[in-house]
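Asks: The structure that follows is given in the form of structure tokens.
The values are calculated or read from the model by the stated rules, or taken from the named source; none is laboratory data. Predicted model only: the values in this text are computed from it and were never measured. A quick note on method: Cβ atoms are made from the backbone with ideal geometry, for glycine too, and the neighbour counts reach across all protein chains shown. Each accessible area value is taken on the protein alone, full model and side chains, heavy atoms only, with ligands, DNA and RNA left out. Shrake-Rupley method; radii C 1.70, N 1.55, O 1.52, S 1.80 Å.
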Amino acid sequence: MSYLLRLVVPDRPGILGAVATALGIAGIDIVSLDVLERGGGVAVDDVVVELPEGRLPDTLITAAQSVEGVQVESLRPFAGPLDTHRELELLDALARAADGTAEKLLASELPRVFHSGWAVVLAGQTPGVVLSASDAAPAFEGLALPWMPLTAPRLLPSEEPWLPERWREMMIEMMAAPLGGGHAVVIGRSGGPAFRRSELLRLAHLTGIAGTVTHLPPV
């Protein structure tokens, strides 16, 4: 079974090699690795690993934290296709999308790009009007959204007062970015980890490009 480990590691040469060695000794294969951010002497990495059948998830935490200075920020099951060119493939698909299908494509593909649980595309108004939503997305229809219309990317942490009580109980973490035309994209996941500023900037960059490529002449 595949899992997504979020690691906070000392930002020094050889640390990822040491983590890979520790995981390998425990019989755990690394499938992919994304460096989310670096600064202040540490790096934050998302590592997708394959856990052998019959092994407990706690094995992952024990193995990773056996390397001095490494902390496991979160661990959760991971499902979905992997590739190293997720953003490029999405932008290429958007450039080729038929009229009216860009929102559906973003909602379905952004969770894969960001290792998140779901995504929705909202119209630029409140209460919420959903233009498209992926599987597992919570119901935004009719929900009061004090941050809409969205003019700048923002993090939407699970303790914000506008969130329905059920969402707070589920610890739904979200981030949002303007899409153009007054619309906004929201990406979320239940149970954390919280989105980081580097992920928000990446989303804002991607949605900015997406808003451009969807208006390019057909190829």
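Asks: For the stretch 1-16, which residues satisfy the criterion of being over 17 Å from residue 57 (Cα atoms) and open to solvent by 40 Å² or more (accessible area, probe 1.4 Å)?
Replies: So in the stretch 1-16, the residues over 17 Å from residue 57 (Cα atoms) come out as 8-16.
Those that are over 17 Å from residue 57 (Cα atoms) and open to solvent by 40 Å² or more (accessible area, probe 1.4 Å): 11, 12, 13, 14, 16.
Asks: While we're here: Scanning the stretch 140-164 for residues that are in contact with a strand residue (DSSP E or B) (Cβ under 7 Å, 6 or more places away or on another chain) and of a type outside the set (A, V, I, L, M, F, W, C), which turns out least open to solvent (accessible area, probe 1.4 Å)?
Replies: Among them, the one singled out is 158.
Asks: Please specify each residue of the stretch 148-187 satisfying the condition of being without any contact (Cβ under 8 Å) to a residue 12 or more places away in the chain and either part of a loop (DSSP other than H, G, I, E, B) or outside the structural domain of residue 114 (by the TED database) (or both).
Replies: Listed by number, the residues that qualify are 159, 160, 161, 163.
Asks: Can you pull out the residues in the stretch 37-51 that are of a type outside the set (Asp, Glu) and either under 12 Å from residue 4 (Cβ atoms) or touching a Cys at 6+ places or on another chain (Cβ under 7 Å) (or both)?
Replies: Narrowing the stretch 37-51 to residues of a type outside the set (Asp, Glu): 38-44, 47-49, 51.
Scanning the stretch 37-51 gives 47, 48, 49, 51.
Asks: Run residue 25 past the list (1) in the same structural domain as residue 116 (by the TED database); (2) out of contact with any Asp or Glu (no Cβ under 8 Å at 6 or more places or on another chain); (3) among the hydrophobic types (A, V, I, L, M, F, W, C); (4) free of Cβ contacts under 8 Å to residues at least 40 places away in the same chain and report the number of the one that doesn't hold.
Replies: Every condition holds for residue 25 apart from (1).
Asks: Another question, then. Any idea which of 110, 94 is in the same structural domain as residue 203 (by the TED database), surrounded by 17 or more Cβ atoms within 10 Å (Cβ to Cβ) and modelled with pLDDT of 85 or more? I'd like the intermediate steps shown before the answer.
Replies: Working: 94 fails: modelled with pLDDT of 85 or more.
After ruling out the rest, the residue left standing is 110.
Asks: Which of the residues that make up the stretch 157-211 are aromatic (Phe, Trp, Tyr) and within 21 Å of residue 107 (Cβ to Cβ)?
Replies: Step one: list which residues in the stretch 157-211 are aromatic (Phe, Trp, Tyr), which gives 162, 167, 195.
Those that are aromatic (Phe, Trp, Tyr) and within 21 Å of residue 107 (Cβ to Cβ): 167, 195.
Asks: A further question follows. For the stretch 118-139, name all the residues that are within 24 Å of residue 198 (Cβ to Cβ) and buried (at least 20 other Cβ atoms within 10 Å of the Cβ).
Replies: Correct list: 118, 119, 120, 121, 122, 134.
Asks: Related question: Kindly provide the set of residues from the stretch 165-188 that are open to solvent by 40 Å² or more (accessible area, probe 1.4 Å) and more than 16 Å from residue 129 (Cα to Cα), ordered by number.
Replies: 165, 166, 168, 169, 170, 171
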